[in-house]
Amino acid sequence: MTEHSSRTCYTAALVGTGRIGFSLGFDKKREQPASHTMALLANPRVRIVAGCDTDTERLASWQRYVSKKQHTPVATFTDSADMYAELRRRENVPDLIVVAVNEDAHKAETLAAIRAKPRLVILEKPVALNSAEAEEIARAADECGVPVMVNHERRFATDYRMAREYMQKIGDIQSIRAELFSSLRVYSAQEEKTGSYSLLHDGTHLVDIVRFLLGDSAENAQLTHPTLTGVWKDDKGDVRNFSAHYTTSACPAVDISMSGRSRFFAFGVDILGTTGRICIGNGYAKFYQRKESKLYTGFYSLARDKSVRLPRKTGYFSNMTQNAVDFLDGKASLKSPLSVAIEDLAVLEKIKAELKK
């Protein structure tokens, strides 16, 4: 990998100017930047040169905003093939191409991005609708020599990275419980072609962060043989609840649970060690250590570790973009490579196979 000057400005093109591509950057309740556009604009080493979306009104709004922020016009297209053809004609294929479209368009748009031969593709999670499509993307990336990073955003978040380091301080890991609650169906056979179900759309984050915390290695994070309990289906046959239990070499009890019956959204992971505990999720991170109990003589209890100083911002999106820049500089490897994301998808596929029985 060739190391580049820290003054190098990398060009970027965006395919998909919807929520994760653009508009979540205006959500005042979210930690910002919260979209690919805003994260790219916030990085001084990146300049956006083009964008693509089939929604012309949305695309025009994106163009006005980006052009104003960068003080320079950006090209827009309603078809990615036209965008790549024009950029090639100008001999200006961008260094970065971000693919932020719906799941059912991931394969086609990612293959097109790879074949345009940028220096890096950033793909919004999940990789694809299924493992067969994901492997097709992987083959194309290998043939074209184009690396792909998948935006499993919690891998880049400072609080989750702190949690993985802190796991070394809580003794042997006894259990990991990961939970996701929402109102979206967990799985629907009728939505196989759209990916409009939570197991794929949100469950990819849940599986990925568990594997990240376990260390990602095939030995430690091998979630291959799920035992399912608590499966509940509604009157349409859509799965609304399940729990999957695993045993790995790094942890004897790993439980992944999802609900699609809840009237709220929650995402969290509870890690129990022999001498401590970590509770982390959307909006919270708590670290505990074994201390002499204030409640019972001769006993020990868990108490909040007040020495842990949480960051004001987790940097989940900005850190992802910076990792891309560092990779292009030749200074870092990708923290969320395509190969790991494909393994995450395989875990989801095995859960899905059990749910379909």
- Determine whether residue 75 is under 11 Å from residue 13 (Cα atoms), modelled with pLDDT of 95 or more and surrounded by fewer than 19 Cβ atoms within 10 Å (Cβ to Cβ). yes
When (1) over 30 Å from residue 108 (Cβ atoms); (2) modelled with pLDDT under 95 are applied to residue 165, the one that fails is (2)
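Look at residue 184 and say whether it is over 19 Å from residue 340 (Cα atoms) and open to solvent by 10 Å² or more (accessible area, probe 1.4 Å). Reasoning before the result, please.
On the way: over 19 Å from residue 340 (Cα atoms): yes; open to solvent by 10 Å² or more (accessible area, probe 1.4 Å): yes.
Against the criterion (over 19 Å from residue 340 (Cα atoms) and open to solvent by 10 Å² or more (accessible area, probe 1.4 Å)), residue 184 qualifies.
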Inside segment 52-66, the number of residues satisfying the requirement of being open to solvent by 30 Å² or more (accessible area, probe 1.4 Å) and not acidic (Asp, Glu) is 8
Selection over segment 166-195 where residues are in a strand (DSSP E or B) and out of contact with any helix residue (DSSP H, G or I) (no Cβ under 7 Å at 6 or more places or on another chain) yields a count of 5
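Being within 25 Å of residue 323 (Cα to Cα) and open to solvent by less than 50 Å² (accessible area, probe 1.4 Å) narrows it down to one of 26, 22, so name that one. So that I can check it myself, show each step before the final result.
Values: 26 fails: open to solvent by less than 50 Å² (accessible area, probe 1.4 Å).
Just one listed residue meets the conditions, 22.
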Looking across segment 89-125 at residues that are small (Gly, Ala, Ser) and touching a strand residue (DSSP E or B) at 6+ places or on another chain (Cβ under 6 Å), the single one that is farthest from residue 146 (Cα to Cα) is 100
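Kindly indicate whether residue 285 is closer than 18 Å to residue 31 by Cα and assigned to a strand (DSSP E or B). Spell out the reasoning first.
On the way: closer than 18 Å to residue 31 by Cα: yes; assigned to a strand (DSSP E or B): yes.
The answer is yes for residue 285.
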Residue 49 meets each of (1) part of a strand (DSSP E or B); (2) surrounded by fewer than 16 Cβ atoms within 10 Å (Cβ to Cβ) with one exception, condition (2)
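For segment 127-165, name all the residues that are among the β-branched types (Val, Ile, Thr) and not in a helix (DSSP H, G or I).
Taking segment 127-165 and keeping what is among the β-branched types (Val, Ile, Thr), we get 127, 137, 146, 148, 150, 158.
127, 146, 148, 150, listed by residue number.
If I ask for residues that are part of a loop (DSSP other than H, G, I, E, B) and either modelled with pLDDT under 95 or among the hydroxyl-bearing types (Ser, Thr, Tyr) (or both), which ones from segment 10-21 would you list? Quick ask: steps written out before the conclusion?
Quick first cut of segment 10-21, residues part of a loop (DSSP other than H, G, I, E, B) only: 16-21.
Once the filter is applied, which keeps residues that are part of a loop (DSSP other than H, G, I, E, B) and either modelled with pLDDT under 95 or among the hydroxyl-bearing types (Ser, Thr, Tyr) (or both), segment 10-21 yields only 17.
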When every residue in segment 160-173 that is open to solvent by less than 20 Å² (accessible area, probe 1.4 Å) and farther than 9 Å from residue 276 by Cα is compared, the one farthest from the chain's Cα centre (by Cα) is 166
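The values are calculated or read from the model by the stated rules, or taken from the named source; none is laboratory data. Computed from a predicted structure; not experimentally measured. With ideal geometry, Cβ positions are generated from the backbone for all residues, glycine too; neighbour counts draw on all protein chains shown. Please note that ligands, DNA and RNA were not included when accessible areas were found on the heavy atoms of the full protein model with its side chains. Shrake-Rupley method; radii C 1.70, N 1.55, O 1.52, S 1.80 Å.
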